[in-house]
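The structure appears right after this line, and notes come after that.
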Amino acid sequence: MANCVPPLAVSASGIEILDSTGKRYLDASGGAAVSCIGHGDARVVEAIRQQVAALDYAHNVSFTSEAAEELAAFLCDATPLPLEKVQFVGSGSEAVEAALKLARQYHIERGEPGRHVVITRLQSYHGNTLGALARGGNVARSRPYAPMMVESPRIEPCFDYHCRRPDESLPAYGQRAADALEEEILRVGPDNVSAFIAETVVGATSGAVPPVPGYFQRIREICDRYGILLILDEVMCGASRTGPFLACEAEDVQPDIVTLAKGLAGGYQSIAAVMCTQRIHQAFAEGSGRFVHGHTFMAHPVACAAALAVQKVIRQDRLDINVVRQGEILGHLLKARLGHHSHVGDIRGRGLLQAIELVADRGSKQPFSSTRGLAAAVDVECRARGLMVYPGTGTVDGVVGDHILLAPPYNVSCVELGQIVERLGDAVEAVLGKG
Ligand SMILES: Cc1ncc(COP(=O)(O)O)c(C=O)c1O
């Protein structure tokens, strides 16, 4: 439990949150990359009101609802990838748990019950429930619970800034990073491996790290070679946060299972989704006919109605286009304001998921000591200036490294982007000097 009481939020509109003292905050990270269309959109509020009035809840074991059916069809139509079946759960962690179980049971249905190991990556995050936490690589979040978790094999992340050798091309690095998966599969024994899980664009753990070109294509080849499912966790980077509906559309890769959450209902309700291919669904249909998994609040009609309304706002207002355009502007503004600062080592990201990484020395990319609490100190200065960001530590290896993540709403204006970058620049300088 935090030992200090946070400000009392009383209302929110557009990109602003108002606290009980009358202070206004620019919500430059949508909380944890959630509020994708800003706060208080009347169209979503009305959709929620109508849904509660018509059908507040019906248990998903006995009923489906129009909202759930329409949302599922909408999501499948939103991506050109062959993801044709959807299950709705309550949070990103629940979606990851469901994806892990879906992969496991898929292999059982096909007569390969030995496949149970999920290979994952260092410097990743897949949720806080024990199963998802065990498959993540976020040291700080999992350390206290390590004795309670199953050991999960982990490979190095695809992290251009820290892991590419100086003499290595981007494609060569991508192949090398992906080949680590094959080595790990062979070490664990291919017949034991169920799935490989990765964030398409890494979010909170190392700060908006996109894959290098070709990385995920090679990963796909390796998964196919050994009959292993590819789960892409797009809880943070999906739902148009980087431009396309799914971030993996830009990688020319077809995952077997995808998880979505934050931008799905943009914070108006708590809902997440697991999407999978017809091939996976078929294995169940031809097998036991039943996915052994469920939660009381799955496919909650009000949450589905909210998500559907948010997705319609994104489509109607063409916000996916805005994400790409404003993302480029955000990148330019960050580079102009902070690109020359001696303690800003990297400015990276995709669409409206971007981050700055703070380093003690730009040449060697040496991070600051973790005892300095740098990201938290920048966060304090941001808040003092009425700016909400998403600070992160352990960027490099789970212990050291500091970054500040930005994830403004898809309808953020140029003026607002300017204000965000100015305040962030002032906050960084307040902590680290003019650089
Ligand atoms: C990539 C990713 N997966 C899973 C989760 C877990 O989602 P939740 O916090 O909704 O359980 C998160 C949350 O930040 C995430 O970023």
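For region 101-119, the set of residues classified as within 15 Å of Ala134 (Cβ to Cβ) and either open to solvent by less than 20 Å² (accessible area, probe 1.4 Å) or β-branched (Val, Ile, Thr) (or both) consists of Ala103, Val117, Val118, Ile119, listed by residue number.
Within this structure, Val96 fails the test of being open to solvent by less than 60 Å² (accessible area, probe 1.4 Å), closer than 18 Å to Leu246 by Cα, more than 17 Å from the chain's Cα centre (by Cα) and β-branched (Val, Ile, Thr).
Within region 143-152, work out how many residues are surrounded by 11 or more Cβ atoms within 10 Å (Cβ to Cβ) and at pLDDT 90 or above. Of the residues in region 143-152, 4 are surrounded by 11 or more Cβ atoms within 10 Å (Cβ to Cβ) and at pLDDT 90 or above. Taken together, Leu71, Leu81, Leu102, Leu75 contain a single residue that is within 16 Å of the ligand (Cβ to nearest atom) and either under 27 Å from Cys304 (Cα atoms) or assigned to a helix (DSSP H, G or I) (or both), which is Leu102. Determine whether Gln254 is out of contact with any strand residue (DSSP E or B) (no Cβ under 7 Å at 6 or more places or on another chain) and open to solvent by 70 Å² or more (accessible area, probe 1.4 Å). Yes.
Every condition in (1) in the same structural domain as Gly238 (by TED's automatic domain parsing); (2) open to solvent by 30 Å² or more (accessible area, probe 1.4 Å) holds for Leu81 except the one numbered (2).
Helices (runs of 4 or more DSSP H) fully within region 233-344 that include at least 2 residues being over 22 Å from the mean Cα position of the chain (by Cα) and farther than 22 Å from Ala28 by Cα: 278-286, 301-316. Taking the listed residues Ala134, Ala195, Ala140, the one that is modelled with pLDDT under 95, within 16 Å of the ligand (Cβ to nearest atom), within 20 Å of the chain's Cα centre (by Cα) and within 19 Å of Ile257 (Cβ to Cβ) is Ala134, with no other qualifying. Scoring Leu122 on the criteria (1) open to solvent by 20 Å² or more (accessible area, probe 1.4 Å); (2) farther than 30 Å from Thr393 by Cα leaves a single failure, condition (2). With respect to being more than 24 Å from Ile222 (Cα to Cα), open to solvent by 10 Å² or more (accessible area, probe 1.4 Å) and away from the ligand (no atom under 16 Å from the Cβ), Pro166 fits the description.
Counting only residues that are aromatic (Phe, Trp, Tyr) and touching a Phe, Trp or Tyr at 6+ places or on another chain (Cβ under 9 Å), how many does region 206-260 have?
Result for region 206-260: 1.
Among the residues of region 268-307, those that are over 22 Å from Pro113 (Cβ atoms) and open to solvent by 50 Å² or more (accessible area, probe 1.4 Å) comprise Gln269, Ser270, Gln278, His295, Thr296, Phe297. Name the residue that is most open to solvent (accessible area, probe 1.4 Å), counting only residues in region 400-418 that are under 18 Å from Val139 (Cα atoms) and not in a strand (DSSP E or B). Per the stated criteria, the residue is Val400. Within region 149-167, being in a helix (DSSP H, G or I) and closer than 16 Å to Ala355 by Cβ holds for Asp160, Tyr161, His162. Among the residues of region 207-232, those identified as assigned to a loop (DSSP other than H, G, I, E, B), in contact with a strand residue (DSSP E or B) (Cβ under 7 Å, 6 or more places away or on another chain) and open to solvent by less than 40 Å² (accessible area, probe 1.4 Å) are Gly207, Ala208, Pro210, Ile228. Only one of the listed residues (Ile257, Ile219, Ile271) is among the β-branched types (Val, Ile, Thr) and farther than 16 Å from Ala72 by Cα. That residue is Ile219. Out of curiosity, is Ile155 more than 16 Å from the ligand (Cβ to nearest atom), within 23 Å of Thr259 (Cα to Cα) and open to solvent by less than 60 Å² (accessible area, probe 1.4 Å)? Yes, satisfied.
The values are calculated or read from the model by the stated rules, or taken from the named source; none is laboratory data. What you are looking at is a predicted structure, and each value in this text was computed from that prediction instead of being measured. Glycine gets a Cβ as well: all are built from the backbone with ideal geometry, and neighbour counts include every protein chain shown. Note: accessible area is taken over every heavy atom of the protein model, side chains too, but ligands, DNA and RNA are not part of it. Shrake-Rupley method; radii C 1.70, N 1.55, O 1.52, S 1.80 Å.
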